[in-house]
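Structure first, then comments.
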Amino acid sequence: MPERKEKFYLTTPIYYTNGLPHVGHTYTTVVCDTVRRYKRMRGYDVVMTTGTDEHGVNVERAAKKAGIPESEFVANMAEAWRALWDELGIAADEFVRTTDIKHVRAVQWLFKLCKENGYVYKGHYTGQYCIYDNAFVNDAKPGENCPDCGRPLETLTEQNYFFKLSAFQKPLLDFYRKNPDFIQPESRKNEIVTFVEGGLKDLSITRTTIRWGIPVPGEEPHVFYVWFDALTAYLSAVGGPDYEKRGMWPADVHFVGKDIIRFHTVYWPAFLMAAMLPLPKQVWAHGWFLMDAAKMSKSKGNVVLPRPIANMLGMDALRYFMLREVVFGQDGNFSYDSLVTRYNSDLANGLGNLASRTAALIEKNFAGRVPKPAERQAQDDALAKEAQSAIGEVLERFDKMEFARALEAIWGVIAAADKYLTTEQPWALGTSEADLERKATILWTSAELLRIVSALAHPVLPDSTAKVWTLLGQTTSLDSVELDGLRWGQLVPGTALGKSQTLFPRVEKTEAIERIESMANEELNSASAAPKPASAPAAPATTAAATAAPVVPEKIGIEDFAKVEMRVGQIKTAERIVGADKLLKLTVDIGTEIRQICAGIAQYYEPEALIGRKVAVVVNLAPRKLRGVESNGMVVAASVGPEGRPVLAGFLEDVEVGARLK
Ligand code: ME8
């Protein structure tokens, strides 16, 4: 652990604003957020930057298609990206937009430095240009397709400002040699070194054919070309020209996908060298998330959306799956099947089950207080040893960005604890003094193991581990726990357990996948049908908030309608959900049982005013999780006005609770 707080600055790419964020973007961002949380728990002063790349031809075209000004288009998009990151528990410290004035100033400042130092000149350029990737393709011939996205290239001649990239071949090669960890993973380093050794051509960094960009001061109509603009965002987020004041630059690590490694390890250090500014310490390029063996991408249209997954299984499930399933650095396949399988096996049956079993037994046998362990037996010591040595291993794995291995080590301990409980059978012990002592030792051991596991897994599963932490009666915030001080044996006997809650309810695979897919379709439809490009948040469990595309519905037969079981329900309790502005958590009496239902009405109804109110409830809807809270049914509401204000359906006459609507 650093003695004084050392700084750690990390970034995600600045994402293009011409499409919805998908699981690929989510992956880089979740990785970055995990490392951010981890470093904080190691005592660093951490800043994480993400943001949106808002200039260029694609945005110009997309805004035109949407029929709105570019500035409005990008503002909507930036909001949609920001909202999604919030929902996924991503706590970036800086969200930089390339249309921010502070960014504009930073780009113009960087250009001035490069120019003053003699690395910028005016010239003409004719080349093959991919408008989708915003890049000239060196050596391509007219009529060829883009080697990256496969779409036709366009021939372009322009007067441009050029950056003397050719002057940086040797300085870059020297830099790579002196900083062997700069390019990660190691396997990608050779690719870059070979590229630079092959010779570097000067780079055009401004355009006159694009309107939507940052102007080159005094040189209009020149605007900065996408990469000179975008890369500077990392610096503008932490002070731009005043970067020294903030003390965060240079970046400790830029996380990127392998598609943009060259821009980050060749262009970016060269721009900074030219400006005589400090260089980032590391660029980490991970592999692709593939869907049906092809790279998931907006242009191919084979994307998986993160929000429906988070709504159904909780954001932690998505975060866990992405980091556990793929070896960081390599490509990995995305499949709903493996997502739900992992959810049920590792989260519901693994961590969730261990937590609920342990808490229930402590509740039952020790009145909800952590028991005092008595004499330890060899198997208790063995488990303690395993957990203690996992701490060291997990920290080492996280340090090396081996997320899958770190999680494997944590889940290895969970499995050992599960086995321990099954063998020791604390539930089968009686009430004699010896039995009670043994029970106390076993349950303390199990609870202590859970405490360790929660702290270790917190960077990946921030929401659910915090719940386990509270369940174990821990009052400090888990975020502020220092991993370096984590040791076996710190769980204080006598601590009162917190309120128990279901962490990961088991789901039926087919139903869960259908539900996720249908929410994803709804989101894609609403995004493509809406006049604005922003991805509307997924509909909570009320028809009022449904934002489906205005397609003409097919007529259905009475037998289809009969499949929907609607009953009169009476609201018993209503409360707001922390962190979910739109949702209320209701308990509703439907005649045969009391159901927990989440409804997207929080902005329009006060919880207290709902108690006792009779509502129409769809009772045979598959349960799902909204913002991590289980919702078992749907309250029916009208959607009123352009903003879709929910108005609860009700009855003018008194009706019996449980009566069926037909
Ligand atoms: O390139 N698998 O933005 P972008 C894994 N604006 N990661 C993926 C992925 C996939 N299938 N698809 C996308 C840009 N990503 C520029 C960046 S930075 C100064 C400017 C992730 O919206 C991955 O991190 O196309 C990739 O590098 C990034 O999204 C590309 O995002």
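State the extension gain, in nm to one decimal, for the chain segment bounded by GLN490 and ASP86, taking 0.36 nm per residue of separation less the distance between their alpha-carbons.
On the way: separation 404, 0.36 × 404 = 145.44 nm, distance 3.28 nm.
Result: 142.2 nm gained on full extension.
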Between 0 and 90 degrees, rounded to the nearest ten: what's the tilt of helix 315-325 against the longest Cα principal axis of the chain?
70
Of the candidates LEU383, MET401, GLY600, the farthest towards the positive dipole end of the chain (Lys/Arg Cβ +1, Asp/Glu Cβ -1, centred on the Cα centre) is MET401
Hz values of 3J(HN,Hα) by residue in the stretch 220-233 - Karplus curve (6.51, -1.76, 1.60), Gly and Pro given as x
4, x, 5, 10, 5, 6, 2, 6, 4, 5, 5, 4, 5, 4
Where q = 0.18, 0.24, 0.32 Å⁻¹, what log10 of I(q)/I(0) comes from the Debye formula for the stretch 570-617, counting one point per Cα?
-0.47, -0.81, -1.28
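Once you list every other residue whose beta carbon is under 13 Å from the beta carbon of ALA637, what net charge do they have if Lys and Arg are +1 and Asp and Glu are -1? Before the final figure, lay out the partial values.
Working: positive: LYS582, ARG613, ARG645; negative: none.
The answer is +3.
Counting pairs of alpha carbon atoms under 8 Å apart in space and at least six apart in sequence, what relative contact order in percent does the stretch 185-302 give?
Values: 112 pairs, mean separation 23.8, N = 118.
Reported as a whole number, the value is 20 percent.
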Just name one of PRO21, THR341, LEU583: the one whose Cα is farthest towards the positive end of the charge dipole of the chain (beta-carbon charges, Lys/Arg +1, Asp/Glu -1).
PRO21
Env charge @ ARG211, Cβ radius under 15 Å, K,R +1 / D,E -1, value -4
Lysines with Cα under 17 Å of LYS281, excluding same-chain neighbours fewer than 8 positions away:
LYS7, LYS39, LYS178, LYS189, LYS400
Size of charge dipole - the chain - debye, nearest 20, with Cβ of Lys, Arg +1 and Asp, Glu -1, no other charges
520
Note to self: with every protein chain in place and a 1.4 Å probe, the chain gives an accessible area per residue in Å² of 43
Two-decimal ratio, the stretch 191-275, of alpha-carbon radius of gyration to 2.2 N^0.38 Å
1.22
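Out of the total accessible area of the chain (probe 1.4 Å, heavy atoms of protein only), what percent is carbon and sulfur? Don't skip to the end; give the middle numbers.
Working: 14410 of 28360 Å².
Accessible surface attributable to carbon and sulfur in the chain totals 51 percent.
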Cut-off under 5 Å, modelled amide H: who pairs with VAL96 long-range:
THR50, GLY51, THR52
The stretch 1-103: spread of alpha-carbon positions along the three principal axes, whole Å, largest first, is 55, 29, 18
If you look at just the Cα atoms of the stretch 66-119, how large are its Rg and its Dmax in Å?
15.6, 46
Over the chain, what relative contact order in percent results from Cα pairs under 8 Å that are six or more residues apart?
13
q = 0.10 Å⁻¹: log10 I(q)/I(0) that the Debye formula gives for the chain, counting C-alpha atoms only
-1.01
Given the peptides 59-70, 339-350, arrange them by the average over their residues of other C-beta atoms within 10 Å, most packed first.
339-350, 59-70
Share of Cα-Cα pairs in the stretch 370-465 beyond 19 Å, whole percent, is 44
Please compute the net charge surrounding ALA285, taking Lys and Arg as +1 and Asp and Glu as -1 over other residues with Cβ under 9 Å from its Cβ.
+1
If you count, for each residue, the other Cβ atoms within 10 Å and average over each peptide, how do 137-145, 229-237 line up from highest to lowest?
229-237, 137-145
Any idea what log10 I(q)/I(0) is at q = 0.12, 0.18, 0.19, 0.22 Å⁻¹ for the stretch 407-506, Debye with uniform C-alpha scatterers and no solvent?
-0.42, -0.94, -1.03, -1.31
Working note, the stretch 143-194: Cα radius of gyration (Å, one decimal) and Dmax (Å, whole number) are 16.1, 42
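Counting other Cβ atoms within 10 Å, keep those with at most 13, restrict to DSSP loop, and tell me which chymotrypsin sites (Phe, Trp or Tyr not before Pro) in the stretch 115-153 are left.
Details: sites: TYR119, TYR121, TYR125, TYR129, TYR132, PHE136; in loops: TYR119, TYR132.
Passing both the DSSP loop test and the Cβ count: no residue.
The values are calculated or read from the model by the stated rules, or taken from the named source; none is laboratory data. Fair warning: this is a prediction, and the values are worked out from it, not measured in the lab. For neighbour counting, all protein chains shown are included, and Cβ atoms are generated from backbone atoms with ideal geometry for every residue, glycine included. Calculation scope for accessible area: heavy atoms of the full protein, side chains included, ligands and nucleic acids excluded. Shrake-Rupley method; radii C 1.70, N 1.55, O 1.52, S 1.80 Å.
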